[in-house]
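Asker: After the structure tokens below, expect a handful of questions from me.
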Amino acid sequence: MKISTKRIEKDLEELKKFTATHGNGATRLPFTKETREAAEYLKELLRDAELEVREDTVGNVYGTRRGKDSSLPAIVMGSHYDSVQNGGNYDGIAGVVTAIEIARLLRDNKVQLERDFVVIAFMDEEGMRFGTGYFGSKGILGELSVEETKKVADKDGISIYQAMKDYGLEPERIPQAAWPKGRIGNFIELHIEQGPVLNTNKLDLGLVTGIVGLKRFMVTVNGRADHAGTTPMDMRKDSVEMATKVISKIPDYAREIGKSTVATVGFIETLPGGVNVVANSVKFSIDVRSLEIENVNEVVKRVKNDLDEVTKLYDADYTMIETLEILPAKLSDKMIDIMEESAKKHGHSYVKLPSGAGHDSLPIAHNIKDTVMIFVPSENGRSHSPDEYTPYSYFGKATDVLYDLTLAL
């Protein structure tokens, strides 16, 4: 464990350099210079672990340690290497580095598994730049199309299609990223918890039983631009007033429904954005999550009803575009049992818990039933923030369990 912890710490400290916001957390958005630098560094680590290294047509980076029979479904382990704006240095990337450490342990101990062991670093899990997400994992599942990349753009109007070309990829070759059916036998992902449960209860590990489903929308409320001083209040079509009447109710809808349901408005843009102008339009995002998709749909239904009512009252209109839908996923009881026995053997404390955050394991679990996750604590429950931190000793403890799981599989 000491060797694992030391190597993992060294790699994660080095990866902190690949950010657009030095000194203010990690900013490694998809198809940017910083992501390219991180990808090349990861390739070096994969080669050092004596893996066969590839970068696919959607920007995923992975390395393969050949087993005795490569025709058998592979054991695949990893996470994503992009980040949110001013995010943390462990979210996603820690799962990639830990998977590389498992490959190094197999090398050091001269272990050849019965089947291939693949380490993968996924491109654009977060969806921060383009408002989508799970780009790399959907790519290997064959769930991406070239046309989709032309329809979605970032805040500067750059489409995914163009961003990929600027990054050195050929978007027309996206279908080639799909792995053959049956190639993945087991998928395993380590991740920081991004919540307070493990840290608060002073637990070493979380064995994840399931992942919430989610839906994301981009809503635009269209009013009318007017002079802020000369337009009477009863003669306005103020898009801010309309939008805020709806937005203010969304958190309470999630609280009323309960049962692990959460709802967030994380992005708001007002146009034209002048201090002395009644806004012509307001664009805002909605992110709704729950272990039960029915709860997600209920929040969405209530929001739509509110939008219908408020825009009708002001003789205005709106659009509500769904940008992402992922159903909830149950994770592998078999692999959870193996990890539980390993944790007991090593004396690591643990709890079984669901994940309130989405991960690459979510779309994969819908296709590969033998998918599992393991969490390590986030100090003070912080994540998606420069304050994100996990003591490196926890990655060592998780490595104990993941190595045992890999050998067992």
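The values are calculated or read from the model by the stated rules, or taken from the named source; none is laboratory data. Only a predicted model underlies this, so the values are computations on that prediction, with no experimental measurement involved. Note: ideal-geometry Cβ built from the backbone for every residue, glycine included; neighbour counts use all protein chains shown. In case anyone asks, the SASA skips ligands and DNA or RNA and just uses the protein heavy atoms, side chains included. Shrake-Rupley method; radii C 1.70, N 1.55, O 1.52, S 1.80 Å.
Asker: Any chance the range 318-328 includes a residue that's buried (at least 19 other Cβ atoms within 10 Å of the Cβ), under 28 Å from Val219 (Cα atoms) and modelled with pLDDT of 95 or more? Give the steps one after another, and end with the answer.
Answerer: Kept after step one, since they are buried (at least 19 other Cβ atoms within 10 Å of the Cβ), are these residues of the range 318-328: 318, 326, 328.
Pick out the ones that are also under 28 Å from Val219 (Cα atoms) and you get 318, 326, 328.
Retained after the next criterion (residues that are modelled with pLDDT of 95 or more): 318.
Yes - at least one qualifying residue is present in the range 318-328.
Asker: Considering the range 353-390 alone, what residues qualify as being hydroxyl-bearing (Ser, Thr, Tyr) and either open to solvent by 30 Å² or more (accessible area, probe 1.4 Å) or over 15 Å from the mean Cα position of the chain (by Cα) (or both)?
Answerer: The initial filter retains those residues of the range 353-390 that are hydroxyl-bearing (Ser, Thr, Tyr), namely 355, 361, 371, 378, 383, 385, 389-390.
Once the filter is applied, which keeps residues that are hydroxyl-bearing (Ser, Thr, Tyr) and either open to solvent by 30 Å² or more (accessible area, probe 1.4 Å) or over 15 Å from the mean Cα position of the chain (by Cα) (or both), the range 353-390 yields Thr371, Ser378, Tyr389, Thr390.
Asker: Can you tell me which residue within the range 173-201, out of those that are among the β-branched types (Val, Ile, Thr) and assigned to a helix (DSSP H, G or I), is farthest from the chain's Cα centre (by Cα)?
Answerer: The initial filter retains those residues of the range 173-201 that are among the β-branched types (Val, Ile, Thr), namely 174, 184, 188, 192, 197, 200.
This time we only want the ones that are assigned to a helix (DSSP H, G or I), so: 174, 197, 200.
Numbers: Ile174: 20, Val197: 19, Thr200: 23 Å.
Selected residue: Thr200.
Asker: Would you say Gly213 is open to solvent by less than 60 Å² (accessible area, probe 1.4 Å), touching an Asp or Glu at 6+ places or on another chain (Cβ under 9 Å), in contact (Cβ under 8 Å) with a residue 12 or more places away in the chain and not hydrophobic (A, V, I, L, M, F, W, C)? Walk me through how you get there before you give the answer.
Answerer: Numbers: open to solvent by less than 60 Å² (accessible area, probe 1.4 Å): yes; touching an Asp or Glu at 6+ places or on another chain (Cβ under 9 Å): yes; in contact (Cβ under 8 Å) with a residue 12 or more places away in the chain: yes; not hydrophobic (A, V, I, L, M, F, W, C): yes.
For Gly213, the condition - open to solvent by less than 60 Å² (accessible area, probe 1.4 Å), touching an Asp or Glu at 6+ places or on another chain (Cβ under 9 Å), in contact (Cβ under 8 Å) with a residue 12 or more places away in the chain and not hydrophobic (A, V, I, L, M, F, W, C) - is met.
Asker: Another question, then. When you look at Gly95, is it at positive phi and surrounded by 15 or more Cβ atoms within 10 Å (Cβ to Cβ), yes or no?
Answerer: Details: at positive phi: no; surrounded by 15 or more Cβ atoms within 10 Å (Cβ to Cβ): yes.
For Gly95, the condition - at positive phi and surrounded by 15 or more Cβ atoms within 10 Å (Cβ to Cβ) - is not met.
Asker: Please name all residue pairs, on different chains or six or more residues apart, with Cβ atoms under 6 Å, provided the first residue is in the range 65-93 and is farther than 11 Å from Ile120 by Cα and among the polar types (S, T, N, Q) and the second residue is outside any strand (DSSP E or B) and open to solvent by less than 10 Å² (accessible area, probe 1.4 Å).
Answerer: Ser70/Asp116; Ser83/Arg28; Gln85/Thr27; Asn86/Thr27
Asker: List pairs: first in the range 244-262 and surrounded by 14 or more Cβ atoms within 10 Å (Cβ to Cβ), second in a loop (DSSP other than H, G, I, E, B), Cβ under 7 Å, 6+ apart or cross-chain?
Answerer: As it stands, the answer is Ile247/Val265; Ile250/Val265; Ala254/Thr261; Ser260/Val212; Ser260/Leu291; Ser260/Gly356; Val262/Gly356, since those pairs meet every condition given.
Asker: Quick check on this structure: which one of Lys138, Lys150 is over 30 Å from Glu379 (Cα atoms), open to solvent by less than 40 Å² (accessible area, probe 1.4 Å) and of a type in the set (Lys, Arg)?
Answerer: Working: Lys150 fails: open to solvent by less than 40 Å² (accessible area, probe 1.4 Å).
After ruling out the rest, the residue left standing is Lys138.
Asker: Follow-up. Could you please let me know if Tyr394 is assigned to a helix (DSSP H, G or I), among the aromatic types (Phe, Trp, Tyr) and either under 16 Å from His191 (Cα atoms) or within 19 Å of the chain's Cα centre (by Cα) (or both)? Break it down stepwise before answering.
Answerer: Working: assigned to a helix (DSSP H, G or I): yes; among the aromatic types (Phe, Trp, Tyr): yes; either under 16 Å from His191 (Cα atoms) or within 19 Å of the chain's Cα centre (by Cα) (or both): yes.
Taking the combined requirement at face value, the residue satisfies it.
Asker: Let me ask you something else. As an exercise: evaluate Asp337 against (1) of a type in the set (Asp, Glu); (2) in a loop (DSSP other than H, G, I, E, B); (3) farther than 23 Å from Ile247 by Cβ and give the number of the one condition it does not meet.
Answerer: (2)
Asker: Quick one: which strands (runs of 3 or more DSSP E) lie wholly within the range 42-84 and hold at least 2 residues that are among the hydrophobic types (A, V, I, L, M, F, W, C)?
Answerer: Values: elements: 52-55, 61-65, 74-80.
Here the list reads 74-80.
Asker: Open to solvent by 60 Å² or more (accessible area, probe 1.4 Å), of a type in the set (Val, Ile, Thr) and more than 24 Å from Ala178 (Cβ to Cβ): is that true of Ile3 in this structure? Explain how you work it out, then say what you get.
Answerer: Details: open to solvent by 60 Å² or more (accessible area, probe 1.4 Å): yes; of a type in the set (Val, Ile, Thr): yes; more than 24 Å from Ala178 (Cβ to Cβ): yes.
In short, yes.
Asker: Quick one: in the range 276-296, of everything that is more than 23 Å from Phe130 (Cα to Cα) and open to solvent by less than 70 Å² (accessible area, probe 1.4 Å), which residue is modelled with the lowest pLDDT?
Answerer: Quick first cut of the range 276-296, residues more than 23 Å from Phe130 (Cα to Cα) only: 276-280, 291-295.
Next, from what is left, pick out any that are open to solvent by less than 70 Å² (accessible area, probe 1.4 Å): 277-280, 291, 293, 295.
Details: Val277: 97, Val278: 97, Ala279: 97, Asn280: 97, Leu291: 86, Ile293: 92, Asn295: 95.
The extreme case among them is Leu291.
Asker: Starting from residues that are touching a residue at least 40 places away in the same chain (Cβ under 8 Å) and either in a strand (DSSP E or B) or of a type outside the set (Lys, Arg) (or both), keep the ones in the range 298-312 and report whichever is most open to solvent (accessible area, probe 1.4 Å). Please lay out each step first, then the result.
Answerer: First, the residues of the range 298-312 that are touching a residue at least 40 places away in the same chain (Cβ under 8 Å): 298-300, 302-303, 306-307, 310-311.
Add one more test, that the residue is either in a strand (DSSP E or B) or of a type outside the set (Lys, Arg) (or both), and what stays is 298-300, 303, 306-307, 310-311.
On the way: Glu298: 63, Val299: 0, Val300: 13, Val303: 2, Asp306: 19, Leu307: 0, Val310: 13, Thr311: 7 Å².
Among residues in the range 298-312 that are touching a residue at least 40 places away in the same chain (Cβ under 8 Å) and either in a strand (DSSP E or B) or of a type outside the set (Lys, Arg) (or both), the one most open to solvent (accessible area, probe 1.4 Å) is Glu298.
Asker: Sort out which residues of the range 98-124 are acidic (Asp, Glu) and either open to solvent by 10 Å² or more (accessible area, probe 1.4 Å) or free of Cβ contacts under 8 Å to residues at least 60 places away in the same chain (or both), and write them in order of number. First the steps, then the outcome.
Answerer: Of the range 98-124, the ones acidic (Asp, Glu) are 101, 108, 114, 116, 124.
Residues satisfying the conditions are Asp108, Glu114, Asp116.
Asker: Within the set of pairs 6+ apart or on separate chains, which have a first residue in the range 16-38 that is within 20 Å of Pro171 (Cβ to Cβ), a second that is basic (Lys, Arg), and C-beta atoms under 6 Å apart?
Answerer: Within 6 Å, the pairs are Leu29/Arg129; Pro30/Arg129; Thr35/Arg28.
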